[in-house]
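Down below is the structure, laid out as structure tokens.
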Amino acid sequence: MRTDLVRVVGDDWDWEWSTSDDVSSWSSPVVTIRDGRGVDAAVLATSTGGTPTITTTGTNFATGDLSWQVARAVTSTFDVRSAWLEVEVLIDGRAVTVMSEALAVLPETAVRV
């Protein structure tokens with residue numbers, strides 16, 4: 001599994017994705033993390049809804065950049081060992097999934113000091 005798809009409970013989950021392709025027609029990113037694959041799986045975090053738990057600050061489709069973050073206050077509540085990440089954007093007004101990946105979720109590790 002790619003290292004960027006391995007995340008740790010209790011950490012900030014920061015993501016940055018860039019492309020040199022022309023994605024200037026993209027807009028309105030929706031990032032969702034679920035406890036499994038498919039729409040029936042429980043939502044762990046999302047960038048939509050009344051209280052979004054994923055921020056998409058730093059996204060600029062004119063320059064080909066998409067970034068998002070799930071804060072440690074949110075990931076510390078996760079009680080899963082795997083999750084499913086989906087990113088959907090509007091392309092010319094039509095919703096399109098541009099990323100769909102499995103995540104490995106590692107438990108928070110105590111460190112003795």
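The values are calculated or read from the model by the stated rules, or taken from the named source; none is laboratory data. Computed from a prediction, not measured in an experiment: that's the story for all the values here. Cβ: placed from backbone, ideal geometry, glycine included. Neighbour counts: every protein chain shown.
Side notes on the structure shown:
- Looking only at the range 77-105, and only at residues there that are part of a loop (DSSP other than H, G, I, E, B) and either hydrophobic (A, V, I, L, M, F, W, C) or modelled with pLDDT of 95 or more (or both), the one that is surrounded by the fewest Cβ atoms within 10 Å (Cβ to Cβ): 80
- Any hit, the range 68-91, residues being farther than 15 Å from residue 7 by Cα and among the basic types (Lys, Arg): no
- Selection of the range 46-78 for residues being under 13 Å from residue 9 (Cα atoms) and without any contact (Cβ under 8 Å) to a residue 40 or more places away in the chain yields 73, 74, 77.
- Residue 108 meets each of the listed conditions (1) outside any strand (DSSP E or B); (2) touching a residue at least 24 places away in the same chain (Cβ under 8 Å); (3) under 16 Å from the mean Cα position of the chain (by Cα) apart from (3).
- Restricting the range 29-54 to residues that are within 20 Å of residue 5 (Cβ to Cβ) and among the hydroxyl-bearing types (Ser, Thr, Tyr), the residue that is farthest from the chain's Cα centre (by Cα): 53
- The combined condition, being touching a residue at least 60 places away in the same chain (Cβ under 8 Å), under 25 Å from residue 109 (Cβ atoms) and not acidic (Asp, Glu), is not fulfilled by residue 36.
- Inclusion of residue 2 among residues that are free of Cβ contacts under 8 Å to residues at least 24 places away in the same chain and farther than 21 Å from residue 95 by Cα is warranted.
- Residue selected from the range 4-28 under the condition more than 15 Å from the chain's Cα centre (by Cα) and of a type in the set (Val, Ile, Thr), by the criterion modelled with the lowest pLDDT: 19
- A single member of 31, 23, 6 is closer than 18 Å to residue 72 by Cβ and surrounded by 16 or more Cβ atoms within 10 Å (Cβ to Cβ), and it is 31.
- Only listed residue being at pLDDT below 95 and surrounded by fewer than 18 Cβ atoms within 10 Å (Cβ to Cβ), chosen from 59, 51, 46: 51
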